[in-house]
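K.L.:
One structure follows; several queries about it will come next.
The values are calculated or read from the model by the stated rules, or taken from the named source; none is laboratory data. What you see is a predicted model, and the numbers here were worked out from it, not measured in a lab. Methodologically, a virtual Cβ is constructed for each residue, glycine included, from the backbone with ideal geometry; neighbour enumeration extends over all protein chains shown. Surface accessibility is based on the protein's heavy atoms, side chains included, excluding ligands, DNA and RNA. Shrake-Rupley method; radii C 1.70, N 1.55, O 1.52, S 1.80 Å.
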Amino acid sequence: MDRTELADYLRRARTRLTPGDVGLKAGPRRRTPGLRREEVAQLAGMSTDYYTRLEQRRGSHPSRQMLTALARALQLTDVERDHLFHLAGEEPPRRGSSSEHVRPGLLLILDRLHDLPASVMSDWGEMLAQNTMSVALAGDHTGKNLVRRWFLVREARDLAPPEKHEQHSRAHVASLRAVTTARPDDPGPAALVAELRAESAEFDALWAEHDVVVRRPSPKRFLHPVVGLLDLDCEVLLSDGHSQQLVVHSARPGTQTYERLELLQVVGLQDLTPSL
């Protein structure tokens, strides 16, 4: 671990960003350019003291999870992220495998969507980032795998009408099958399949049918516990390589769902988020 180079790299990456780049308010006039240390720490989900120690060349060796969080907070490109890992003495995520590093372009778009539920997901169900409306609609699932939750957590199906459950199950399995076939050496999806085949009889039975499909944008129906039934359109923006996708839900103006989506924006996260 090269503490001197790591500290300098973090500082330079921090100072090239503005609060507006990461969805923060600029606030009072700043004496120095870029983000403050406490802002980077907040975005990365770590203590300000720990991040400060890294920039002061006094920090302990950061974990791979911490490096991924820093790369995301500082909006590093894949090449810049790999450099960060090397400075910390770690091998960067393998090319051709899934990554938790959200592409800066997708994060930029996500930050601009304030009135629509939007999230960034991996192609095998990992929730990588959500905006406030997405959390209000479906709960905070960042860092969780939605396919795992669907088959192993009973409450995960509460937002979907019962008549849609089988359809969702089949879509999850067929999409995961397509990913594991396309990337047989990727350990993440392979481990998830092994876990679900062992823990869920439903998943195992559907897996044996060998259906393969790539998910396409389609209308989604949600049973929200506060605002009621929502029939939402779904649009998906794919990243290069299609390993990550920006998912945006919207409603047609003049419909009851449109009005309910506006109500959801008002009530937001006032202790009304489904705890699924």
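K.L.:
Can you tell me how many residues within the stretch 227-276 are modelled with pLDDT of 90 or more, of a type in the set (A, V, I, L, M, F, W, C) and surrounded by 15 or more Cβ atoms within 10 Å (Cβ to Cβ)?
P.N.:
10
K.L.:
Another question, then. I'd like to check something: does the stretch 87-96 contain any residue that is in contact with a Lys or Arg (Cβ under 9 Å, 6 or more places away or on another chain), surrounded by fewer than 17 Cβ atoms within 10 Å (Cβ to Cβ) and in a helix (DSSP H, G or I)?
P.N.:
Looking for residues that are in contact with a Lys or Arg (Cβ under 9 Å, 6 or more places away or on another chain), surrounded by fewer than 17 Cβ atoms within 10 Å (Cβ to Cβ) and in a helix (DSSP H, G or I), one finds none in the stretch 87-96, hence no.
K.L.:
Tell me which residues, restricted to the stretch 52-61, are at pLDDT 85 or above and open to solvent by less than 30 Å² (accessible area, probe 1.4 Å).
P.N.:
Residues satisfying the conditions are Thr52, Leu54.
K.L.:
Related question: Among residues belonging to the stretch 12-43 that are over 25 Å from the mean Cα position of the chain (by Cα) and either of a type in the set (Val, Ile, Thr) or at pLDDT 80 or above (or both), point out the one that is least open to solvent (accessible area, probe 1.4 Å). It would help to see each step written out before you state the result.
P.N.:
Let us first name the residues in the stretch 12-43 that are over 25 Å from the mean Cα position of the chain (by Cα), namely 12, 27-33.
Now restrict to residues that are either of a type in the set (Val, Ile, Thr) or at pLDDT 80 or above (or both): 12, 32.
Details: Arg12: 137, Thr32: 95 Å².
Taking the candidates together, the pick is Thr32.
K.L.:
For the stretch 29-38, name all the residues that are part of a helix (DSSP H, G or I) and within 18 Å of Leu67 (Cβ to Cβ). Spell out how you get there, then give the answer.
P.N.:
Of the residues in the stretch 29-38, the ones part of a helix (DSSP H, G or I) are 37-38.
Within the stretch 29-38, just Arg37 meets the criteria.
K.L.:
Say whether the condition of being surrounded by 14 or more Cβ atoms within 10 Å (Cβ to Cβ), of a type in the set (A, V, I, L, M, F, W, C) and assigned to a loop (DSSP other than H, G, I, E, B) is met by at least one residue in the stretch 160-173.
P.N.:
Yes, the conditions are met somewhere in the stretch 160-173.
K.L.:
Please state which one of Met66, Met46 is touching a residue at least 12 places away in the same chain (Cβ under 8 Å) and either charged (D, E, K, R) or in a loop (DSSP other than H, G, I, E, B) (or both). Can you show your working first?
P.N.:
Working: Met66 fails: either charged (D, E, K, R) or in a loop (DSSP other than H, G, I, E, B) (or both).
Unique residue meeting the criteria: Met46.
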